[in-house]
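**Q** First, the structure itself, so that you have it in front of you.
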Amino acid sequence: MRKTLGWLLSLVVLIGTMGAAGATAQAATAAGPVAATDIKDQILGIPGMSLIEETPYPGYRFFVLNYEQPVDHRQPWKGTFKQRLTLLHKDVSRPTVFFTSGYNVNTSPRRSEPTTIVDGNQISLEYRFFTPSRPDPANWGKLDIWQAASDQHRLFTALKKVYPKNWLATGGSKGGMTATYYERYYPRDMDGVVAYVAPNDVVNNEDSAYDRFFTKVGTKECRDKLNNVQREALIRRAPLEAKYAAAAAENGWTFTTVGSLDKAFEAVVLDYSWAFWQYSLLSDCAGIPTAATASDQEIWDTVDTISGFSAYADQGLETYTPYYYQAGTQLGSPDIKQPHLKGLTRYGYQPPRNFVPREIPMTFQPGVMADVDNWVRTRANQMLFVYGQNDPWGAEPFHLGYGTHDSYVMIAPGANHGANVAKLQDGERALATAKILQWAGVAPAQTVSGRAQAAAPLAAPDPVLDQVDLRREPQLRP
């Protein structure tokens, strides 16, 4: 283990699903042997923990829970809120993976890739201020990366008494950022971090890396097809906006936050190339229509499918208000110039301020990401960053420098925002798997001794638990 605690709590619990009864066992504690209790009773014995529901799943126990957290970890006496989480319980003798998407928690049983690799338990935490995990009233000044990391630290501290084996933090995209920020503020908690496709916008006003990315990604033929669709959509603004107005009336979309249907329309169109590379593969370019000969409906359909015309309606923005708030206060966000649209745009890439209700104040804090970046470059310890070669978010990745230890940045060839360890080249895939197993404390002897090529996930594939939940994430703005 990378860190050791001054105590160990060994537990033997009754494992089962569908309410099946297990055998009686004894658990050793510092006070001596006591009768083992059911895992649900142990979890609900944690002060502030409450049960929403338990769902059976073969080989596991799955719980949806609430945990009472301080609104402000610096002043915990000033109010609390209930933060939703899930627990996929396998056995207290297994390692535990601490997952967050950085958004709402999925309340169906799921395993992240590291959980499958280590055959462990998984805690999944909803990010603060994503409903229903939002204080009431909502003091938006308490939505920052330190408070969120402190949410994780406090929950980990409570659960470590039940799950004493090694812990790993993980997440993808904003979840990968969240895992990194947690490690920066509480580096003694986790035994390893696996951060997938985590953007690292160190200097918010310097985004030339994205412009360079869009001049080289994929093939020129594909880039031209995407650019031409964007141009054609703006050239045909009038008929396409008529379609947009009809769709808005049919679906009840309004545009108070962004300001107008016209602003929302342009924002969706300007997302088109970015969203294609984020979610699609080069082979999908064959399905992009030829702009010059496409009908209005074909242009509408491809933009709607890839960018989503509901994204900048009030109803689409509401769920992601905390995301845009953080983009405009700490995380930063990319800007791309898109010179092929010169003379056709009215607003350019709109800032996060345009996507957050005006009654919520926002002030950008330029030093926060620079601090995290410097910490990763100089202090990263047992951290793995995985990126996709064709993912625009990887244009500004985390880098490792002198002073880091046993940490890695790996790139999956041809992969998009869904890049993971399984998509790495053979040698890197074996090394990444071996390191995850080692950090989790479950590496076989031959892996520990250096035979990384023998490393493989310990859990058998499961079509339900391992399915990827495709999240249509909003595009961050400068």
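The values are calculated or read from the model by the stated rules, or taken from the named source; none is laboratory data. Keep in mind that what you see is a predicted model, and the values were worked out from it rather than measured. Don't worry about glycine lacking a Cβ; one is built from the backbone with ideal geometry, like all the others, and counts go over all protein chains shown. Ligands, DNA and RNA are excluded from the accessible area calculation, which covers all protein heavy atoms including side chains. Shrake-Rupley method; radii C 1.70, N 1.55, O 1.52, S 1.80 Å.
**Q** For a Förster distance of 30 Å, can you work out the FRET efficiency between the beta-carbons of Gln425 and Val468, rounded to the nearest 0.05?
**A** E between Gln425 and Val468, to the nearest 0.05, is 0.90.
**Q** On to the next question. Where only protein heavy atoms count, and the probe is 1.4 Å, what is the accessible area per residue for segment 97-151 in Å²?
**A** Here the residues of segment 97-151 average 25 Å² of exposed surface.
**Q** Quick check: net charge around Gln122, other residues with Cβ under 9 Å of its Cβ, Lys/Arg +1 and Asp/Glu -1?
**A** Here the count lands on +3.
**Q** What part of the accessible area of segment 274-329, given as a whole %, is carbon or sulfur when the probe is 1.4 angstrom?
**A** 50
**Q** So, one more: Within segment 327-357, which residues have the backbone N less than 19 Å from the label spot 7 Å out from Ala238 along Cα→beta-carbon, could you tell me?
**A** Within reach of a label on Ala238, which here means backbone N under 19 Å from a point 7 Å along Cα→Cβ, segment 327-357 contributes 343-346.
**Q** Okay, moving on. How much of the calculated P(r) for segment 354-421 lies past 20 Å, in percent of all Cα pairs? Mind showing how you got there, number by number?
**A** Numbers: 1099 of 2278 pairs.
The calculated P(r) of segment 354-421 puts 48 percent of pairs beyond 20 Å.
**Q** Give the relative contact order (percent, whole number) for the chain; include only Cα pairs under 8 Å separated by 6+ residues.
**A** Worked out over the chain, it gives 16 percent.
**Q** Suppose the Debye formula is applied to equal point scatterers at every Cα of the chain; what is log10 I(q)/I(0) at q = 0.09 Å⁻¹?
**A** Evaluating at q = 0.09 Å⁻¹ gives log10 I(q)/I(0) of -0.64.
**Q** What accessible surface, in Å², does a 1.4 Å probe find on Asp373, ignoring ligands, DNA and RNA and rounding to the nearest 10?
**A** Rounded to the nearest 10, that gives 10 Å².
**Q** Can you give the accessible area of Ile235, probe radius 1.4 Å, in Å² rounded to 10?
**A** 100
**Q** May I ask which residue of Leu88, Leu437, Val269 lies farthest towards the positive end of the charge dipole of the chain, with charges of +1 (Lys, Arg) and -1 (Asp, Glu) on Cβ and the Cα centre as origin?
**A** Leu437
**Q** Highest first, please rank the peptides 356-366, 165-175, 63-73 by the mean number of other Cβ atoms sitting within 10 Å of their residues.
**A** Order by mean packing, descending: 165-175, 63-73, 356-366.
**Q** Which pairs break 27 Å Cα to Cα here: Lys40/Lys423; Lys220/Lys423; Lys40/Lys174; Lys161/Lys435; Lys78/Lys165?
**A** Lys40/Lys423; Lys40/Lys174; Lys78/Lys165
**Q** Could you pull out the pairs from Lys225/Lys263; Lys90/Lys160; Lys216/Lys337 whose alpha carbons sit more than 18 Å apart here?
**A** Lys225/Lys263
**Q** Apply the Karplus parameterisation 6.51 cos²θ - 1.76 cosθ + 1.60, with θ equal to phi minus 60°, to every residue of segment 366-383 and state each ³J(HN,Hα) to the nearest whole Hz, in sequence, with x for glycine and proline.
**A** x, x, 5, 5, 4, 5, 5, 4, 5, 5, 5, 5, 10, 10, 4, 9, 6, 10
**Q** Specify the angular offset, from 0 to 90 degrees and rounded to the nearest 10, of the alpha carbon long axis of helix 296-306 from the longest principal axis of the alpha carbons in the chain.
**A** 20
**Q** Right, something else. Taking each pair of distinct Cα atoms in segment 148-282 once, what is the resulting Kirkwood hydrodynamic radius in Å?
**A** Result for segment 148-282, one decimal place: 18.8 Å.
**Q** Hey, another quick one. If you wrap a convex hull around the Cα atoms of segment 266-381, how much volume per residue is inside, in Å³?
**A** Spelled out: Cα convex hull of segment 266-381, divided by residues, is 162 Å³.
**Q** While we're looking at this one, here's another question. Using +1 on the beta carbon of Lys and Arg, -1 on that of Asp and Glu, and nothing else charged, what's the dipole of segment 251-364 about the Cα centre, debye to 20?
**A** Around 480 debye, computed over segment 251-364.
**Q** Report the accessible area of Trp439, computed with a 1.4 Å probe over the heavy atoms of all protein chains in place, in Å² rounded to the nearest 10.
**A** Approximately 10 Å² of Trp439 is accessible to the 1.4 Å probe.
**Q** Can you give me the distance in nm between label points at Arg74 and Asp211, each placed 7 Å from the Cα along the Cα-to-Cβ direction?
**A** 3.7
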